[in-house]
1. Considering only residues that are of a type in the set (Ser, Thr, Tyr) and surrounded by 10 or more Cβ atoms within 10 Å (Cβ to Cβ), look in the stretch B:1-35 and name the one that is nearest to B:Val74 (Cα to Cα).
2. Does B:Ser32 count as part of a loop (DSSP other than H, G, I, E, B) and closer than 27 Å to A:Leu24 by Cβ?
3. If I ask for residues that are assigned to a helix (DSSP H, G or I) and loosely packed, with under 10 Cβ neighbours inside 10 Å, which ones from the stretch A:59-71 would you list?
4. If you scan the stretch B:70-129, which residues turn out to be β-branched (Val, Ile, Thr) and within 19 Å of B:Arg58 (Cβ to Cβ)?
5. Can you tell me which residues in the stretch A:1-34 are under 20 Å from B:Leu31 (Cβ atoms), more than 7 Å from chain B (Cβ to nearest Cβ) and of a type outside the set (Ser, Thr, Tyr)?
6. Kindly indicate whether A:Asn161 is modelled with pLDDT under 85 and loosely packed, with under 11 Cβ neighbours inside 10 Å.
7. Kindly list, by first and then second residue, each pair from a residue in the stretch A:33-53 that is surrounded by 15 or more Cβ atoms within 10 Å (Cβ to Cβ) to a residue that is hydrophobic (A, V, I, L, M, F, W, C), limited to pairs with Cβ atoms under 6 Å and residues at least 6 apart or on different chains.
Amino acid sequence: MKIIAWLAGIGTLLMSALYMVVSLNRWEWNRALFFGLILLIAEVALATGLVLRRLSRMEYRNRVDPAIAQILRETRPPSPDRFAWLREQSRDLNVFITFLIGGGVILSGIAWLVDRVASKTSASPAGEQKLVRQLEAISYPSGGLIVDDVTVLAQEVPGANDEQIRRLLRRAGSL
Amino acid sequence: MRKLKPVRILLGLVGLGVGIVAVLALREATLSTHQEVVGTGTELIVSAKTKGGEKSQRLPEMVEAQLLTCRLEVSSDFDGPIERLDSKRFRAVLDSALDDTNRRQFRGCVDDFIIDHLQVNVVELNVIP
């Protein structure tokens with residue numbers, strides 16, 4: 001049955017290609033288009049059939065012998081049971097839970113201590129004064145950033161020949 | 001990379017050559033090349049049949065529609081009406097002598113599927129001296 005289908009597909013492909021060329025040669029454009037369409041359908045069908053055949057072959061090739069698979073499955077080494085200790089301990093005193101609770105209590109105590117020390121050191125008046133001293137270095141000047149008239153007039157002083165300073169002072173003087 | 005056998009290379013070259021020749025031959029066959037033809041007109045006799053058409057469509061008017069469509073391709077007019085010779089055959093005369101390319105083009109158009117449910121076959125297409 002498969003052979004008949006393949007032969008029918010190949011025959012359709014060849015005959016449609018032949019008639020398409022003949023129709024083109026006879027200037028019968030509509031017939032040529034029709035046979036071209038048949039040719040395209042046959043080509044797609046054959047290509048699909050070839051791809052499916054190749055896929056089924058690959059599937060057959062990858063199929064394993066069930067007897068061999070059973071042997072391999074039976075001789076497979078046992079997987080290590082990494083939580084066996086937990087199951088064994090569950091009948092006696094549960095060490096895991098004890099450690100968990102004990103560790104939590106210790107961590108909570110440490111956190112409480114850190115919190116107490118931090119509250120004593122960061123919010124004290126001495127700390128605030130120290131912070132004020134450190135911030136003075138980067139604070140704005142007392143008169144602001146706008147240059148006063150005295151400074152503007154000082155640009156004419158001999159020796160003040162920096163072009164950037166002159167430009168800044170000129171702009172400030174125009175305000 | 002798989003090494004190609006000489007036989008395969010030879011077959012591939014032969015296939016390529018055949019393909020090129022076929023395309024060139026088809027190009028030559030479908031190329032319009034016109035030349036002067038001595039004659040007063042072209043006589044056309046066709047046989048036609050219809051199947052599965054509308055009831056209001058009559059065979060003579062379907063044939064006339066197809067022939068009028070095809071004469072546009074060769075830029076020629078009919079000299080007189082399309083005569084009905086018998087139940088299937090029709091005769092028409094074109095007012096110019098068609099050269100070889102135009103005759104092939106006209107024959108191909110008349111034989112082609114132009115009008116639905118109508119099949120026309122050229123019986124004779126001759127230049128009138």
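The values are calculated or read from the model by the stated rules, or taken from the named source; none is laboratory data. What you see is a predicted model; the values in this text were computed from it and never measured. Every residue, glycine as well, gets a Cβ built from its backbone with ideal geometry; the counts of neighbours run over all protein chains shown.
1. Filtering the stretch B:1-35 for residues of a type in the set (Ser, Thr, Tyr) gives B:30, B:32-33.
Retained after the next criterion (residues that are surrounded by 10 or more Cβ atoms within 10 Å (Cβ to Cβ)): B:30, B:32.
Values: B:Thr30: 14, B:Ser32: 11 Å.
So, considering only residues that are of a type in the set (Ser, Thr, Tyr) and surrounded by 10 or more Cβ atoms within 10 Å (Cβ to Cβ), the one nearest to B:Val74 (Cα to Cα) is B:Ser32.
2. Details: part of a loop (DSSP other than H, G, I, E, B): yes; closer than 27 Å to A:Leu24 by Cβ: yes.
Yes: the conditions hold for B:Ser32.
3. Looking only at the stretch A:59-71, we keep the residues that are assigned to a helix (DSSP H, G or I), and these are A:59-61, A:66-71.
Within the stretch A:59-71, A:Glu59, A:Tyr60, A:Arg61, A:Pro66, A:Ala67, A:Ile68 qualify.
4. B:Ile82, B:Val110, B:Ile114, B:Ile115, B:Val120
5. A:Met20, A:Val22, A:Ala32, A:Leu33
6. Numbers: modelled with pLDDT under 85: yes; loosely packed, with under 11 Cβ neighbours inside 10 Å: yes.
When the stated conditions are applied, A:Asn161 passes them.
7. Every condition considered, the pairs that remain are A:Phe35/A:Met20; A:Gly36/A:Met20; A:Leu39/A:Ala17; A:Leu39/A:Met20; A:Ala42/A:Leu13.
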